[in-house]
1. What value, in deg cm²/dmol to 500, does the helix sum -39500 (n - 2.57) over DSSP H runs of n ≥ 4 give at 222 nm once divided by the residues of the chain?
2. Out of all DSSP beta bridges in segment 16-157, what portion is antiparallel? Express it as a percent rounded to 5.
3. Arrange the residues Phe99, Phe4, Phe90 by how much accessible surface each exposes, largest first, with a 1.4 angstrom probe.
4. Express the relative contact order of the chain as a whole percentage, based on alpha carbon pairs under 8 Å and six or more residues apart in sequence.
5. Which shape class applies to segment 78-138: rounded if a/c is under 1.5, otherwise prolate when a/b exceeds b/c and oblate if not, where a ≥ b ≥ c are the square roots of the Cα gyration tensor eigenvalues?
6. Please turn the phi angles of segment 133-146 into ³J(HN,Hα) values with the Karplus equation 6.51 cos²θ - 1.76 cosθ + 1.60 (θ = phi - 60°), one per residue in order, whole Hz, x for glycine and proline.
7. At 0.36 nm per residue, minus the direct Cα-Cα distance, what do Ser57 and Arg136 gain on full extension? Give it in nm, one decimal, please.
8. Given points 7 Å out from each Cα along the Cα-Cβ axis, report the Arg66 to Ala97 separation in nanometres with one decimal.
Amino acid sequence: MKNFRTLDLNLLRVFDALMSEGSLTRAAESLSMTQPAASHALKRLHDWLGETMFVRSAGGMRPTPRAAALWPRVRTALQELEQALAPRAFDPARDPAQFRLAMADATAALLAPAMVAGLASARALADLRLVPLTTRDPRTLLLDAQIDLAIGSFPGVMSVVLADHERSPLHHTRLHQAPYVCAMRPGHPLTEGELTLDRFCSAEHLMVSLSGVPQGVVDDLLASLGRQRRVVLTVNQYHTAIRVLAASDLVAVLPASPATASGAEAGLVQRPLPLVVAPLTIEMIWLARREAEPAHRWLRRLVTEAAHFD
């Protein structure tokens, strides 16, 4: 069994630099080391681990799958250690940075323009990478350092966080809350007259589902009333949903803000729902251990200032 107390933590700095640079020579330069010293450090790391982390290739040093899986945790640990021992203020106009944010397309459409304006106003050197939100439980993405922030509706995660907020590994901020509506094309039969529960259930539905499963909160509520609906189509993007609704007789339960923002050009009609559905809550969540990081604090402020949906 490996004894962690015998590991020289400087070897992890070499590992991190090599993962970043892809070249032993460039990694050595970034650490102000000689190339032979970096090579020796890499050999010591391989010896301690009992396995090879990199193999030589035409393009430089290629990490093994084990190295690729290990790197996010090593990088996060080194960053936390650096911040604890040698903290410094983050100046967005001086300090380059790259952040990854996971969110659905409708949320991105609402946030991204304001965030870009915020970057320009601050003359920030930060780059933002928006990635699709494909899960209602982004905890693994955060813990594995695949993303810096998750923005969306996470009712299951939030129930766990709020149940034991003091010991939760996550922190959060509520960015927005929007009621759900029934959206449909102009001229749809349900645009006229009262939208009763009978008419709602007899319509053919489209559902935005990240997983593709045609079952959600609305279906659970209907089941509690002894009712059900037919979900003809599931899609995983609001933009796609808007396009389909505008060209078909399908209806969809959508949050009012995304329906308004994404569907304005399509002229979708929004009707109040004939059943009580809790409003959509958009949360920003991040790892509690990153709470005090100056760069991360700046990122959260950028997102919060951009979150003026109304």
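The values are calculated or read from the model by the stated rules, or taken from the named source; none is laboratory data. Note that the structure is a prediction, hence the values are computed from the model and not measured. FYI the Cβ positions are ideal-geometry reconstructions off the backbone, even for glycines, and counts take in every protein chain you see. To get the accessible areas, we keep the full protein, side chains included, count just its heavy atoms, and leave off ligands, DNA and RNA. Shrake-Rupley method; radii C 1.70, N 1.55, O 1.52, S 1.80 Å.
1. Using -39500 (n - 2.57) per qualifying helix, the result is -13000 deg cm²/dmol.
2. Within segment 16-157, antiparallel bridges account for around 30 percent of the total.
3. Of Phe99, Phe4, Phe90, the descending order of accessible area is Phe4, Phe90, Phe99.
4. Values: 457 pairs, mean separation 63.9, N = 310.
It rounds to 21 percent for the chain.
5. Verdict is oblate for segment 78-138.
6. Computed from phi, the couplings for segment 133-146 are 8, 10, 8, 8, 9, x, 4, 5, 4, 6, 5, 8, 6, 6 Hz.
7. Length gained, Ser57 through Arg136: 24.6 nm.
8. Placing both labels 7 Å along Cα→Cβ, they lie 3.4 nm apart.
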